[in-house]
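Below is one structure; the comments refer to it alone.
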C-alpha cells in the first residue's frame with residue numbers, strides 16, 4: 001500500500017472519529033500513531049510518539065497559552081463581566097436596540113481578556129439575555145446578539161485560536177495577536193450596524209428603552225471597566241510596543257488580573273482555586289490536542305499528501321484567489337460539522353504550505369481562517385455558540401437562535417470578503433509593530 005493511500009485512509013478515519021465525538025486530542029494521537037505503524041513499523045511509531053509529546057510540551061512558545069487562559073479566568077470568576085455589561089449599557093442602552101449593541105460592546109471588551117469564544121458566549125448569555133428579556137427584546141434578536149458577540153473571542157487578542165494557529169504554523173504569535181485587533185473592532189461595529197438595520201426594518205424586535213442614564217452616572221460607570229483597560233494595555237499594549245514577549249505579556253496579564261481582582265475584593269479563596277483548576281484543565285486539553293496534531297502532521301508529511309496536493313494545485317493555470325476561495329469554502333463546510341480547533345489541526349498541515357506557495361501572507365491568512373471558523377460557531381448543525389446559549393437560556397428554541405443569526409452571518413461573510421480584497425486592514429498594525 002502506497003504512503004499516499006495510507007494517508008488518505010487515515011484522514012478518513014480521523015473524520016469518522018471526530019464525527020463520533022471522540023476527543024480531538026485522542027483522535028489525532030490514535031490516527032497518527034496507527035499511520036506511522038502502517039508506513040514504518042511499531043518501534044518507529046513509539047519513538048515518534050515520545051518525540052512529539054516531549055517536543056510539544058517543552059516548547060517555549062506554548063507557555064503563553066496557560067498564562068492568557070489564567071488571566072481570563074481570574075477576571076471571569078471575579079464577576080467583573082457583569083459590571084462591564086452595565087457600564088456599556090449605561091451609555092447606549094437607551095437607544096432602540098441599545099441593549100443589543102451594549103452586548104456586542106461588552107463582548108468585544110471581555111473577549112480582549114478571556115481570549116475564548118465559549119467563555120464570552122456563556123458569560124454574556126447569563127448576563128445579557130435576562131436583561132434583554134426584561135425589556136421585551138425578541139428572543140431571536142437577543143440570542144443572536146450573544147451568539148455573534150461570542151465569536152469576537154476568537155478574533156480580538158489574546159485569541160487562543162490565533163495562538164494555536166501560530167504554534168501549528170510557526171508564524172510569530174505577537175504579530176498574529178495584534179493582527180486580530182483591528183478586524184475584531186471593525187467586526188464588532190458591523191454587528192452593531194446590523195442590529196440597527198434589523199430594528200429599523202422591524203421595530204418589534206426591540207422596543208424603545210425610556211430609561212436614560214444621567215451623564216454623571218454614565219461617567220461613574222466607567223470606573224468599573226478600568227481593570228479591563230489596564231490589563232489590556234499591560235499585556236497586549238506591551239506586545240505591540242515590544243516591551244514584552246507574548247509569554248511575558250501573558251504572565252504580566254495573569255498577575256495583573258489577580259491583583260485587580262483582590263484589590264476590588266472580588267476574589268475569594270474558592271474563586272481562586274476554581275480559576276486555577278479550570279486553567280489546568282483547559283491547558284491540559286489544549287496541550288493534548290497539540291501533541292496529537294504534531295504527531296498527525298508529521299505522519300501526513302511522511303505520507304507525501306501535502307506535497308502532492310501543493311504541487312498539483314499550484315500547477316493549475318487559475319488565479320490564486322480562485323484557489324483561496326475554494327479553500328475557504330471547504331473550511332466553511334467543515335465548520336458546519338466540526339469545531340474550530342479540530343479544523344485547524346486537521347487542515348493546516350495540508351493547506352498552509354499551499355497558501356504560502358500561492359504567495360499569501362501567513363499572518364493575514366490566520367485572521368481569515370479565524371473568520372471562517374467563527375461562521376461555523378453560529379451555523380447549523382453544530383453551531384457551538386448556539387448550543388451554549390440554549391444550555392443557559394433553555395426557553396429559547398435552537399431554531400429561533402439559528403434564524404436570528406442569519407443576518408449576522410451575512411455580515412461576517414461580507415467582512416471576510418473585504419479582508420481578502422483589502423489585506424492591509426489585517427496587516428496594518430503588525431506592519432507598524434515590526435516597522
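The values are calculated or read from the model by the stated rules, or taken from the named source; none is laboratory data. Only a predicted model underlies this, so the values are computations on that prediction, with no experimental measurement involved. Every residue, glycine among them, receives a Cβ derived from its backbone with ideal geometry; neighbour counts consider all protein chains shown.
Data overview
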read-out	value
Single match in 51, 109, 37 (criterion: touching a residue at least 24 places away in the same chain (Cβ under 8 Å) and either outside the structural domain of residue 10 (by TED's automatic domain parsing) or assigned to a helix (DSSP H, G or I) (or both))	109
Count - residues of region 5-34 that are in contact (Cβ under 8 Å) with a residue 60 or more places away in the chain, farther than 20 Å from residue 288 by Cβ and out of contact with any helix residue (DSSP H, G or I) (no Cβ under 9 Å at 6 or more places or on another chain)	0
So residue 237, is it at pLDDT 80 or above, surrounded by fewer than 20 Cβ atoms within 10 Å (Cβ to Cβ) and part of a loop (DSSP other than H, G, I, E, B)	no
Residue among 70, 34, 20, 62 that is modelled with pLDDT of 85 or more and either surrounded by 16 or more Cβ atoms within 10 Å (Cβ to Cβ) or over 30 Å from residue 276 (Cβ atoms) (or both)	34
Residue match in region 381-398 (condition: out of contact with any strand residue (DSSP E or B) (no Cβ under 6 Å at 6 or more places or on another chain), in a helix (DSSP H, G or I), in the same structural domain as residue 308 (by TED's automatic domain parsing) and farther than 30 Å from residue 199 by Cβ)	no
Residue that is surrounded by the most Cβ atoms within 10 Å (Cβ to Cβ), among those in region 159-172 that are modelled with pLDDT of 90 or more and more than 10 Å from residue 370 (Cβ to Cβ)	166
